[in-house]
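The values are calculated or read from the model by the stated rules, or taken from the named source; none is laboratory data. Model, not experiment: these values are computed from the prediction. Ideal geometry is used to build each Cβ from the backbone, glycine not excepted, and the neighbour counts take in all protein chains shown.
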Amino acid sequence: MTEVTESLGWWGLPIAILAGAIRASTPFLLVSLGECITEKSGRINLGLEGVLMMGAMAGYGASLYTGSAWLGVLAAGVVGAALGLLHGILCSLKRVNDIAIGISFMLLGTGLAFFLGKSLIQPQAPTLSSIPFGFWSDSPQIQSALQINPLFLLGIVLAVLLHFAFLRTRWGLRIRIVGDSEDAARAMGFRVVPTRIMATVFGGFLAGVGGSFLSLYYPGSWSEGLSSGQGIMAVALVIFARWEPLRCLWASLLFGAAGALGPAFQAMGLTSGFYLLNALPYVLTLVILILTTAPNRKISGAPGELSLVRQ
Amino acid sequence: MYAGIKRFLLPIAEPVLVPTGAVLVAMLLFAGFIALVGQSPPEVFWILYQGGFGSSFSLQNTLVLASPLILTGLAVAIPAQAGMVIIGGEGALAVGALLAAVAGYALHDTAPFIVQLGMLTVGALTGALWFGLSGWLRNYRGVNETISSLLLSYMGIALLNYCIQGPLRDPASTNNPSTRPIGDANMIGNIPGLDVHYGLIIGIVCALIAWFVLKFTTIGLALRAVGGNPRAAQMAGLRVNIWVVGAAAMGGAAAGLSGAIEVAAVHGDANSAIVAGYGFTGILVAFIARQNPLAVIPVAILFGGIDAAGSLLQRRLDMPDATVIVFQGILFVVILASDTFLGRFRFFKPGAASEPKPGTAGAKS
């Protein structure tokens, strides 16, 4: 990114931000799509921050031992799905609160990832390589800015697929009905608890894959400070996107751009407000939440059974 | 006579026995985890005990760590009475510590008592403002308080880091950026005869006051009414908005106070080491204490002990420092899951209907 900004002058800034936005939005996109499915079924998984860390750790470890970054991505997804399954089952117990269980998973996932990842801090595992979409340009700056990571493309495909799946498929209908009204779902013969568990497993899988992006693409190594709240911001992002997969895509890009501002300015030599710019994604998330929600009325598009938006 | 004892003991027995069983299950799971990674579970548990409670030295160390945990536990438990799940204690602690350090430096030429009182007041007020915002947003904008408090927590930590690296940095602090020191003479001292600072007493007194107010005054009754059913509380003439924002602010005051105490009694200035995870462990403390301010005290001491034992585990067995987080995480999950058994055993019911617990009655999927 430094070279981009140096040779293109001030024009380098928007390009650097775009490249940074695509890169930084990828974990948001994957986690928010997963959480979108979970929330549409009427449950909330606040523990995705922990799942993200476990995914990052497991993905890095698997990539190191198998020598294949893609096997790492798969392993991260499987670990995430397993945590999602546990979350889904525990929340199906009577009197167990999904928000509280989510908080406990945040803690447990982070702790486990730190513990098991202790030996992964030093070695360098194979990472995911990017796809050069800038081949048409002569400018090396544009070429380097258009190095798109494959997981982002996967996220776009998934967002479109989910959009149609919710509208047109039996599975999509089932998840929506279970999320909107338990009674209606029972009347239609859908089983509520298994549907919610499956939706949470799927959400966990995608959150795990989102975590593997952090350790296998950018920053591309395992460390304990890898995630800075992306898991929890993605939960807020789903509310902003009003539970629409395609809106999750745009919202993720917006969040990614906010996250890319700090490093982009830093690359241009503006370091004084660096720590404040780092807080920008959190401020943006909160402002967006304030603008999207309203007192005493349901947010349009919100699943009826979701405890998060029920007052 | 026997029937009388049974009537008195059985209702208490369930909320005590079910979590105790959960702790045993969690210990078994943790033992399994320890065995899986190739260590000896009995040895790990023995070191946990030794490091936390085994000697007067480790016990005093435990109490020093427990003192902020009591306050960060209250930061979760007090808003929970009004039905809120606020978990941003770490950030409120950070901004409380930051502004308390600024106040301490500004007052450092006056008497130590004034410096300390000023710091504690400023810390508590800052924390109250930080959490109060979450409560306000929940009531006036319908923003989920759990998420907003967590976001505000990240912002508070970023603000602390910005200020100690930039505008509030002491030019003399080169290696470890920090604010200007409040001065050794102004530090809060130790309890006579112990190596534990007065912050512990402040924490315990706060917990006792919170317990008394919630249990024996109309304030507690009003809060429970607001937490149990806001609409009914409104009908009964309570101004729900004020109660919700107030409960959040009181929780924030506790977290901000813990930050101020960390500066005034331990660090002497605000630096990045202030953010040590007390806010997050406080969530655990409050949930395991079932949001009861009185129960927060022993649970905080227990978790202070587990935290204190972490370094011994690292030294003796070369285990990662995250070992204790894993143990705490397992404990947390199992205890929350054990809620499902409450009210299911007929044995515990001497006929009277059980009272719903605050916090668990709020949001339910």
Practice item. Kindly establish whether residue B:321 is of a type in the set (D, E, K, R) and part of a helix (DSSP H, G or I). Key: no
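To keep it simple, each residue is scored yes or no on (1) facing chain B (nearest Cβ under 9 Å); (2) buried (at least 23 other Cβ atoms within 10 Å of the Cβ); (3) closer than 30 Å to residue A:119 by Cβ.
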| residue | (1), (2), (3) |
| --- | --- |
| A:217 | no, no, yes |
| A:225 | no, no, yes |
| A:230 | no, yes, yes |
| A:245 | no, yes, no |
| A:264 | no, yes, no |
| A:284 | no, no, no |
| A:301 | no, no, no |
| A:307 | yes, no, no |
Review point. Where in the stretch A:171-290 are there helices (runs of 4 or more DSSP H), lying fully within it, with 3 or more residues that are touching a Ser or Thr at 6+ places or on another chain (Cβ under 7 Å)?
Key: A:192-216, A:230-240, A:245-267
Practice item. Report yes if residue A:57 is within 14 Å of another protein chain (Cβ to nearest Cβ), farther than 22 Å from residue B:336 by Cα, of a type in the set (A, V, I, L, M) and buried (at least 23 other Cβ atoms within 10 Å of the Cβ), otherwise no. Key: yes
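Only one of these is in contact with a helix residue (DSSP H, G or I) (Cβ under 8 Å, 6 or more places away or on another chain), without any contact (Cβ under 8 Å) to a residue 40 or more places away in the chain and buried (at least 18 other Cβ atoms within 10 Å of the Cβ): A:177, A:131. Name it. Steps first, please.
Details: A:131 fails: buried (at least 18 other Cβ atoms within 10 Å of the Cβ).
The conditions single out A:177.
Every residue, every condition in (1) farther than 20 Å from residue B:89 by Cβ; (2) at the interface with another protein chain (Cβ under 10 Å from one of its Cβ atoms); (3) within 22 Å of the chain's Cα centre (by Cα); (4) not small (Gly, Ala, Ser), yes or no:
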{"position": "B:157", "(1), (2), (3), (4)": "no, yes, yes, yes"}
{"position": "B:168", "(1), (2), (3), (4)": "yes, no, no, yes"}
{"position": "B:186", "(1), (2), (3), (4)": "yes, no, no, yes"}
{"position": "B:193", "(1), (2), (3), (4)": "yes, no, no, no"}
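Among the listed residues B:295, B:361, B:337, identify the single one that is under 15 Å from residue A:103 (Cβ atoms) and either at pLDDT 90 or above or facing chain A (nearest Cβ under 10 Å) (or both). Let's see the steps before the verdict.
Values: B:295 fails: under 15 Å from residue A:103 (Cβ atoms); B:361 fails: under 15 Å from residue A:103 (Cβ atoms).
From the options B:295, B:361, B:337, the qualifying one is B:337.
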Study note, to complete from the structure: Restricting the stretch A:126-162 to residues that are in a helix (DSSP H, G or I), in contact with a Gly (Cβ under 9 Å, 6 or more places away or on another chain) and modelled with pLDDT of 90 or more, the one nearest to residue A:40 (Cα to Cα) turns out to be A:162
Check your understanding: Regarding residue B:78, is this residue away from chain A (no Cβ under 14 Å) and surrounded by 15 or more Cβ atoms within 10 Å (Cβ to Cβ)?
Key -> yes
Point to revise | Of all residues making up the stretch B:79-128, the number that are more than 30 Å from residue A:106 (Cβ to Cβ) and of a type in the set (Gly, Ala, Ser) | key: 5
